[in-house]
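A.B. asks: Here it is, the structure in full.
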Amino acid sequence: KETATRVILDVLSGLKYAHERGIIHRDIKPSNILLDFNGRAKVSDWGIAKISGVTTSANVSLTLTYAAPEQLDPSLGPVDERTDVYQVCEVFYEILTGKPAFQGSITEVAYKKLKAEVTPVSSMNPALREYDEVFLKCFSPKKEGRYSTSELIAVLSNRQYNNLTLKNSAYAFVELAYLYVQLDNYEQALFWVGRVNTQY
């Protein structure tokens with residue numbers, strides 16, 4: 001779960017940069033997340049992104065499996081950063097469990113998304129119980145009930161910190177250093193780099 005959380009934090013970091021500039025991706029899915037040689041995630045395919053109210057493509061197709069409720073029912077409001085957060089959480093759920101959060105026919109998937117009918121991850125793996133509440137909020141049909149990009153980064157960073165500090169390994173220390181770099185806390189990042197140099 002530490003690797004999965006790190007990948008999602010990378011994605012959220014990239015999206016936060018875009019969101020701060022008025023850009024909404026609108027089509028986050030596994031095939032649009034690329035890993036570099038160091039295993040760091042990058043977001044690709046911005047073809048249907050929305051930039052300050054202007055769509056970059058006239059063909060606004062989307063992937064139903066990862067679509068947010070407001071993309072299925074426009075009466076729920078326009079897409080915004082919480083639309084991307086919803087989709088990121090669907091990818092996160094699938095990485096952790098190996099299964100899409102919402103399964104069935106097109107009609108069944110749409111219904112489940114609009115009613116937030118999702119199986120808790122802890123029912124598939126008790127070790128993931130700490131994420132049940134996270135997904136409950138992520139999959140709120142109403143955007144106002146979800147995390148913002150910054151809020152989800154904070155929540156997942158805290159869980160990542162708690163999980164990694166239990167491990168006394170060079171890998172954990174490097175991951176902690178990287179985590180703090182993403183949070184712009186370079187003092188703590190250097191502390192964990194120092195732990196690697198001291199113990200290994």
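A.B. asks: On the principal axes of its Cα set, how long, how wide and how thick is the chain? Give whole Å, largest value first.
C.D. replies: 56, 38, 29
A.B. asks: Let me ask something additional. Could you tell me which of rounded, prolate or oblate describes the stretch 94-169, using a ≥ b ≥ c as the square roots of the eigenvalues of the alpha-carbon gyration tensor, with rounded for a/c under 1.5 and, failing that, prolate when a/b is larger than b/c and oblate otherwise? Before the final figure, lay out each step's value.
C.D. replies: Values: a/c = 2.97, a/b = 1.58, b/c = 1.88.
Because a/c hits 1.5 or more and a/b fails to exceed b/c, the stretch 94-169 counts as oblate.
A.B. asks: In debye to the nearest 20, how big a dipole does the stretch 1-153 give about its Cα centre with +1 on each Lys and Arg Cβ and -1 on each Asp and Glu Cβ?
C.D. replies: In debye, rounded to 20, the stretch 1-153 gives about 40.
A.B. asks: Could you give each residue of the stretch 20-27 its phi-based ³J(HN,Hα) in whole Hz, using Karplus coefficients 6.51, -1.76, 1.60 with θ = phi - 60°, and x for Gly or Pro?
C.D. replies: Calculated HN-Hα couplings, in order: 5, 10, x, 10, 10, 5, 6, 8 Hz.
A.B. asks: Same structure, new question: Which value in nm describes the separation of the simple spin-label points at residue 31 and residue 125, placed 7 Å from the Cα toward the beta carbon?
C.D. replies: Result for the modelled spin labels: 2.5 nm.
A.B. asks: To continue, here is another question. Separation between the residue 142 and residue 106 pseudo-spin-labels, each 7 Å from Cα along Cα→Cβ, expressed in nm?
C.D. replies: 2.9
A.B. asks: Let me ask something else. What nm distance separates the two modelled labels at residue 198 and residue 40, each placed 7 Å from Cα along Cα→Cβ?
C.D. replies: Rounded to a tenth, the inter-label distance reads 2.5 nm.
A.B. asks: Just to verify a number: FRET efficiency for residue 76 and residue 190, C-beta to C-beta distance, R0 = 45 Å, to 0.05?
C.D. replies: 0.50
A.B. asks: Now a separate question. If you put +1 on each Lys and Arg Cβ and -1 on each Asp and Glu Cβ, how big is the dipole of the stretch 65-200 around its Cα centre, in Debye rounded to 20?
C.D. replies: So the dipole magnitude of the stretch 65-200 works out to roughly 340 debye.
A.B. asks: Could you give the length gained by full extension between residue 21 and residue 115, i.e. 0.36 nm per residue of separation minus their alpha carbon distance, to one decimal place? Please list the in-between numbers first.
C.D. replies: On the way: separation 94, 0.36 × 94 = 33.84 nm, distance 3.14 nm.
Length gained between residue 21 and residue 115: 30.7 nm.
A.B. asks: Classify the stretch 131-189 from the C-alpha gyration tensor, please: rounded if a/c falls under 1.5, else prolate or oblate depending on whether a/b exceeds b/c.
C.D. replies: Oblate shape, in that a/c is at least 1.5 and b/c is the bigger or equal ratio.
A.B. asks: First compute the accessible area of the stretch 59-200 with a 1.4 Å probe, then give the percent of it belonging to carbon and sulfur atoms. Could the numbers behind the result be given before it?
C.D. replies: Numbers: 3940 of 7200 Å².
Using a 1.4 Å probe with all protein chains present, the stretch 59-200 comes out at 55 percent carbon and sulfur.
A.B. asks: On a 0 to 90 degree scale, rounded to 10, what angle separates helix 149-164 from the longest Cα axis of the chain?
C.D. replies: Result, in degrees: 40.
A.B. asks: Working from Cα positions, state the angle (0 to 90°, nearest 10) between the long axis of helix 2-19 and the longest principal axis of the chain.
C.D. replies: Result, in degrees: 60.
A.B. asks: Can you flag which of 1/142; 29/50; 1/167 are past 19 Å Cα-Cα?
C.D. replies: In this structure, 1/142 lie more than 19 Å apart at Cα.
The values are calculated or read from the model by the stated rules, or taken from the named source; none is laboratory data. Given the structure is predicted, the values throughout are model-derived calculations rather than measurements. So basically every Cβ, Gly included, is an ideal-geometry build from the backbone, and we count neighbours across all protein chains shown. Heads up: the accessible areas ignore ligands, DNA and RNA and are worked out on the full protein's heavy atoms, side chains in. Shrake-Rupley method; radii C 1.70, N 1.55, O 1.52, S 1.80 Å.
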